[in-house]
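S.K.: Supplied in structure tokens, the structure appears directly below.
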């Protein structure tokens with residue numbers, strides 16, 4: 001979190017001149033910094049493969065139906081442990097193909113995590129802008145609500161909503177969103193406190209710009225880079241939360257697949273079908289690692305000292 005907040009002065013420096021840096025220069029700096037970051041390259045590769053598999057995977061012609069059961073083939077081991085290439089990662093206790101179910105679960109993880117982070121980011125950023133710029137009682141009210149929400153466990157909120165409405169994917173999205181919006185609110189509020197005393201904001205206010213225009217046209221663009229980094233970091237937490245809720249039975253229900261649900265169903269077969277839990281756990285671990293590596297690279301890129309070094313090394317800089 002500290003690395004995200006440290007990115008604020010960089011945004012201030014860019015906005016103090018009244019004009020954002022040229023997009024081409026930012027992209028050039030981004031590519032230059034990426035070439036020097038093994039973590040960034042690894043994170044982009046892992047996240048790109050995750051997104052590609054989630055979007056395209058279910059339409060691959062050689063994959064069987066992830067919900068199709070075949071009891072004669074139940075608990076078939078992976079290739080290399082006595083299995084065949086018809087089920088390269090083996091089958092579960094109902095004879096369903098593990099690879100197909102992992103790919104189907106990737107779609108659920110991508111849908112839930114991205115939707116939850118978008119909702120939390122939009123809501124939290126809007127409240128952070130209002131709290132930081134307007135201040136006063138509104139700021140106190142918003143921050144008090146954020147403090148109350150941070151003290152309220154997300155799992156307990158999930159239990160209450162499941163008892164009221166029943167388990168569903170959209171319920172998980174709502175629970176994750178209301179459990180993370182306050183992170184964006186606090187970070188956005190802190191950055192706005194830094195930015196609202198800068199010359200370009202004061203000039204806008206003196207020219208008669210309304211509070212809404214100052215917030216959305218002048219302050220928000222200077223928060224984007226830091227909030228994108230925070231969103232990527234929260235994406236990893238959302239993937240873990242989706243898996244945890246699926247494990248507890250709050251999310252996607254059989255016969256659909258989810259990585260957390262696969263672990264929940266396969267834990268009773270850990271001795272006879274270790275591959276069920278192992279491959280689902282590896283999928284979660286690798287994707288979360290990739291997202292964290294990507295967020296670390298973005299934090300490094302947004303660091304003021306790093307950006308200054310990139311600019312100095314740029315031809316003609």
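What follows draws every value from the coordinates through simple rules; no lab data is involved. Quick caveat: nothing in here was measured; it's all calculated off a predicted structure. Please note: Cβ atoms are built from the backbone with ideal geometry, for glycine as well, and neighbour counts cover all protein chains shown.
S.K.: Which angle from 0 to 90°, rounded to the nearest 10, does the C-alpha axis of helix 181-195 make with the longest principal axis of the chain?
M.R.: On a 0 to 90 degree scale, this one is about 20.
S.K.: On to the next question. If one computes the Cα centroid of the stretch 250-289 and of the stretch 88-126, what distance in Å separates the two points?
M.R.: Taking the Cα centre of each part, the stretch 250-289 and the stretch 88-126 sit 11 Å apart.
S.K.: For the chain, modelled as a GNM with alpha-carbon contacts under 10 angstrom, which of 108, 143, 276 fluctuates the most?
M.R.: Result: 143 has the largest fluctuation of those listed.
S.K.: Please state the relative contact order of the stretch 33-190 as a whole percent: Cα pairs under 8 Å, 6+ residues apart?
M.R.: 21
S.K.: Can you pull the one-decimal nm distance between simple spin-label points at residue 69 and residue 93, each 7 Å off the Cα toward Cβ?
M.R.: Here the answer is 1.2 nm between the modelled labels.
S.K.: Quick one: helix 304-313 against the long Cα principal axis of the chain, what's the angle to the nearest 10°, folded into 0 to 90?
M.R.: Between helix and principal axis, roughly 80 degrees.
S.K.: Cα-Cα pairs above 30 Å in the chain: how many percent?
M.R.: Result for the distance tail: 45 percent.
S.K.: How much length, in nm to one decimal, is gained on full extension between residue 86 and residue 163, taken as 0.36 nm per residue of separation minus their Cα-Cα distance?
M.R.: 23.6 nm
S.K.: How far is the Cα center of the stretch 44-86 from the Cα center of the stretch 144-209, in Å?
M.R.: The distance from the Cα centre of the stretch 44-86 to that of the stretch 144-209 comes to 37 Å.
S.K.: Using the per-residue mean of other Cβ atoms lying within 10 Å as a proxy for protection, in what order, highest first, do the peptides 206-216, 180-190 fall?
M.R.: The densest-packed peptide leads the list: 180-190, 206-216.
S.K.: While we're here: With Kirkwood's inverse mean 1/r over C-alpha pairs for Rh, give me the Rg to Rh ratio of the stretch 82-220, two decimals please.
M.R.: Result: Rg/Rh = 1.22.
S.K.: Measure nothing fancy, just the Cα-based angle from helix 98-134's long axis to the longest principal axis of the chain, in degrees from 0 to 90, nearest 10.
M.R.: It works out to around 20 degrees.
S.K.: Between residue 60 and residue 138, what is the label-point separation in nm under the 7 Å Cα-to-beta-carbon projection?
M.R.: Between residue 138 and residue 60, the simple spin-label model gives 5.1 nm.
S.K.: If the elastic network links every pair of Cα atoms under 10 Å, which of 102, 191, 71 fluctuates the most in the Gaussian network model of the chain?
M.R.: Residue with maximal mean-square fluctuation among 102, 191, 71: 71.
S.K.: Over the chain, what is the mean sequence separation of C-alpha contacts under 8 Å (at least six apart), divided by residue count, expressed as relative contact order in percent?
M.R.: 29
S.K.: Pick from 128, 95, 260: which residue has the top mean-square fluctuation in a GNM of the chain where Cα pairs under 10 Å get a spring?
M.R.: Taking springs between Cα atoms under 10 Å, the residue moving most is 95.
S.K.: P(r) for the stretch 142-217, please, calculated from all Cα pair distances in 10 Å bins and given in %.
M.R.: 16, 32, 23, 18, 10, 1
S.K.: As a check on your grasp of the helix formula, calculate [θ] at 222 nm for the chain: sum -39500 (n - 2.57) over DSSP H runs of n ≥ 4, divide by the residue count, round to the nearest 500.
M.R.: Helix contribution divided over all residues of the chain: -22000 deg cm²/dmol.
S.K.: Working out 0.36 nm times the residue gap between residue 28 and residue 216, then minus their Cα-Cα distance, what length gain in nm do you get to one decimal?
M.R.: Fully extending the segment from residue 28 to residue 216 adds 65.0 nm.
S.K.: May I pose another question? Could you work out how far apart the two model spin labels at residue 206 and residue 253 are, taking each label as a point 7 Å from the Cα in the direction of the beta carbon, and quote it in nm?
M.R.: That separation, rounded to one decimal, is 6.3 nm.
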